[in-house]
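The values are calculated or read from the model by the stated rules, or taken from the named source; none is laboratory data. The model shown is predicted, which means the values in this text are computed figures rather than measured ones. Neighbour counts are summed over all protein chains in view; Cβ atoms, including those assigned to glycine, are modelled from backbone coordinates with ideal geometry. For the accessible areas, the whole protein counts, side chains as well, though only heavy atoms, and no ligand, DNA or RNA atoms are used. Shrake-Rupley method; radii C 1.70, N 1.55, O 1.52, S 1.80 Å.
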Amino acid sequence: MFKKINPSSSWLVFDDNKIMFQPILDVVFPLNEKDIEVISKMISYVDYSFEDNYKKFDIRPGIGIAAIQIGYPKKIIYIHLNDKNGEHKYLMANPKIIKQSMQKMYLEHGEGCLSVAKDHKGLSIRSAVVWVKGIDLFTNKEIEVRATDLLAACFQHEVDHNNNLFYYNRINETNPFYIEPDWQKI
């Protein structure tokens, strides 16, 4: 159903575009042609990054993407990454964080975003563990994922896009590198 196509940096919408701040709609089933086209772009973009072909296609590498980053205001996210727990690949419609730990974490080198051209220095503080529920678009079944480490940060980052938020909204404005001793460094 989803086609692999050559990715293009022209697909991306940036944080200075008002499209990024419009309401993001739930996905209604069955998927329509535009849903399938956008999802194909999302998968292609991230998978080519995952396969280290981003230089070949002159695109910014990424491990996750939300449909709004392609200018499509529907709640769809795609994640494809490797971390210490192995390879993770999720294509999810209507993802929702249903539970999160009180324990906080941050990525040691900070976060970046395909839709943010200007670097924002600082640490995005997130929950160390999240439970995400949504429709797996590979199987068309509802799933619940317990995520930790980089995967947890990525899920939170992509779900934030569905709420019109960026990673820099989670950076402490007065002390961008502020951390507490018990926060996990990833």
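At a threshold of 8 angstrom on Cα-Cα distance, excluding pairs fewer than six apart, so keeping six or more, what relative contact order does the stretch 128-177 reach in percent?
Relative contact order for the stretch 128-177 comes out at 28 percent.
Remind me, relative contact order of the stretch 56-186 in percent, using alpha carbon pairs under 8 angstrom and six or more residues apart?
Computed over the stretch 56-186, the figure is 27 percent.
Between LYS118 and LYS99, what is the label-to-label distance in nm when each label sits 7 Å out along the Cα-to-Cβ direction?
4.0
Relative to the first principal axis of the alpha-carbon coordinates of the chain, what is the inclination of helix 33-50, with its axis defined by its Cα atoms, in degrees from 0 to 90 and to the nearest 10?
With rounding to tens, the tilt is 50 degrees.
Working with all protein chains in place, sort SER10, SER44 by solvent-accessible area computed with a 1.4 Å probe, largest first.
Per-residue accessible area, sorted high to low, gives SER10, SER44.
May I ask you to derive the FRET efficiency for LYS56 and ASN164 from their Cβ-Cβ distance with R0 = 35 Å, giving the value to the nearest 0.05?
FRET efficiency, LYS56 to ASN164: 0.60.
Going down the table (LYS4/LYS141; LYS41/LYS74; LYS89/LYS185), which pairs top 20 Å between alpha carbons?
Correct reply: LYS4/LYS141; LYS89/LYS185.
How large, in percent, is the carbon and sulfur part of the accessible surface of the stretch 1-120 at a probe radius of 1.4 Å?
So the carbon and sulfur contribution to the accessible surface is 51 percent.
Given a 1.4 angstrom probe, what's the average accessible area per residue across the chain, in square angstrom?
52
Within the chain, what's the longest stretch lacking GluC sites (Glu not before Pro) that sit in DSSP loops with no more than 15 other Cβ atoms inside 10 Å?
109-172
Whole-Hz Karplus ³J(HN,Hα) for the stretch 78-89, in order, using 6.51 cos²θ - 1.76 cosθ + 1.60 and θ = phi - 60°, x for Gly and Pro?
Calculated HN-Hα couplings, in order: 9, 10, 8, 8, 10, 9, 5, 9, x, 8, 10, 9 Hz.
Normalised by the number of residues in the stretch 12-78, what is the relative contact order in percent for Cα pairs under 8 Å and 6+ residues apart?
Across the stretch 12-78, relative contact order equals 44 percent.
Expected output is a single nm value to one decimal: the length gained when fully extending between ILE19 and ILE143, i.e. 0.36 nm times separation in residues minus the C-alpha distance. What is it?
41.8 nm
Net charge within 15 Å of ASP182 by Cβ-Cβ distance, Lys/Arg positive one each and Asp/Glu negative one each, not counting ASP182 itself?
Summing Lys/Arg as +1 and Asp/Glu as -1 gives +2.
Using helices alone, what [θ] at 222 nm do you get for the chain, with -39,500 (n - 2.57) per DSSP H run of 4 or more residues, divided over all residues and rounded to the nearest 500?
-6000 deg cm²/dmol
Angle between the Cα long axis of helix 149-161 and the longest principal axis of the chain, 0 to 90 degrees, nearest 10?
The angle comes out at about 60 degrees.
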